[in-house]
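Working notes, structure below.
The values are calculated or read from the model by the stated rules, or taken from the named source; none is laboratory data. Here the structure is a predicted model, which means the values were calculated and not measured. FYI the Cβ positions are ideal-geometry reconstructions off the backbone, even for glycines, and counts take in every protein chain you see.
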Amino acid sequence: MNTTTSTTPAVKPKLRIATTSLAGCFGCHASLCDIDERILALAEVAEFDRSPLTDIKHVRPQCDIGLIEGGVANAENVHVLREFRANCKVLVAVGACAINGGLPASRNHLDVTECLRRVYCDRGEGDRQVPNDPELPLLLAQVHPINEVVRIDYFIPGCPPSGDAIWKFLTDLIAGRMPRLDHALLRFD
């Protein structure tokens, strides 16, 4: 009978992080890249699922953290957001567009049909029509913050939040601490 025991510690599986951008400028993803070489430290404990850093098109089930930037402006945004909520244990709204609709919500006081007509038809370039292709997602009447569509666990404010704010938030969350951002990390420019 062999009574030796292994002293090799069990390898902790990496967390899975997924990201997506809805209606916004993609600035929050640029800020994620602004964590610079710290992305290597993040890669030690996490792997990226759906993200601009990968070629994965859908968030896989049981993803640990989902980071969402942008507001909800069309039917595809609603679908992606619901897919994230169904498959992510923790969902984080990143940036002003995700939290309150941001700049895309400036169209909320306009009639969408009239807006599309003015953009596509009233340009003085002959007989133009509003695009009507099944590949184009249906616009919603208004842009919504993501918490109006699904439950959100955390919010990282900013336009965009800094790379340092995203780093601090993620490292707190991964370490099991309540994420807290000091005033110096909040940015609204």
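Before moving on, here are some points about what is shown:
- Evaluation of residue 172 against the conditions (1) free of Cβ contacts under 8 Å to residues at least 60 places away in the same chain; (2) under 21 Å from residue 90 (Cα atoms); (3) assigned to a loop (DSSP other than H, G, I, E, B) shows that the sole unmet condition is (3).
- Answer from 91, 67, 140, 103 - the residue that is of a type in the set (A, V, I, L, M) and farther than 30 Å from residue 172 by Cα: 140
- Of all the listed residues (140, 91, 81, 67), the sole one being more than 14 Å from the chain's Cα centre (by Cα) and surrounded by 13 or more Cβ atoms within 10 Å (Cβ to Cβ) is 140.
- Number of residues in region 21-37 that are in a loop (DSSP other than H, G, I, E, B) and either over 10 Å from residue 167 (Cβ atoms) or free of Cβ contacts under 8 Å to residues at least 24 places away in the same chain (or both): the value is 5.
- Checking each residue in region 15-38 for being on the phi < 0 side of the Ramachandran plot and surrounded by fewer than 17 Cβ atoms within 10 Å (Cβ to Cβ) picks out 30, 33, 37, 38.
- Lone unmet requirement of (1) in a strand (DSSP E or B); (2) within 19 Å of residue 187 (Cβ to Cβ) for residue 89: (2)
- All told, residue 98 falls short of being in a helix (DSSP H, G or I) and surrounded by fewer than 16 Cβ atoms within 10 Å (Cβ to Cβ).
- The residues on offer are 54, 19, and the sole one that is modelled with pLDDT of 90 or more and within 18 Å of the chain's Cα centre (by Cα) is 19.
- Annotation note: Cβ proximity below 8 Å between a residue of region 145-161 that is within 13 Å of residue 85 (Cα to Cα) and a residue that is among the charged types (D, E, K, R) and surrounded by fewer than 19 Cβ atoms within 10 Å (Cβ to Cβ) (sequence gap 6+ or interchain) occurs for 149/82; 150/82; 150/85; 151/85.
- Region 143-166 - residue that is under 16 Å from residue 22 (Cβ atoms) and of a type in the set (Val, Ile, Thr) and, of those, surrounded by the most Cβ atoms within 10 Å (Cβ to Cβ): 146
- Of the residues in region 89-102, none is among the aliphatic types (A, V, I, L, M), at pLDDT 95 or above and farther than 23 Å from residue 34 by Cα.
Here is a yes/no grid of residues against (1) in contact with a Leu (Cβ under 6 Å, 6 or more places away or on another chain); (2) over 30 Å from residue 15 (Cα atoms); (3) in a strand (DSSP E or B):
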position	(1), (2), (3)
77	yes, no, no
80	no, no, no
108	no, yes, no
137	no, yes, no
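- The residues of region 94-123 that are among the polar types (S, T, N, Q) and more than 14 Å from the chain's Cα centre (by Cα), listed by number, are 106, 108, 113.
- Any hit, region 95-107, residues being among the hydroxyl-bearing types (Ser, Thr, Tyr) and without any contact (Cβ under 8 Å) to a residue 60 or more places away in the chain: yes
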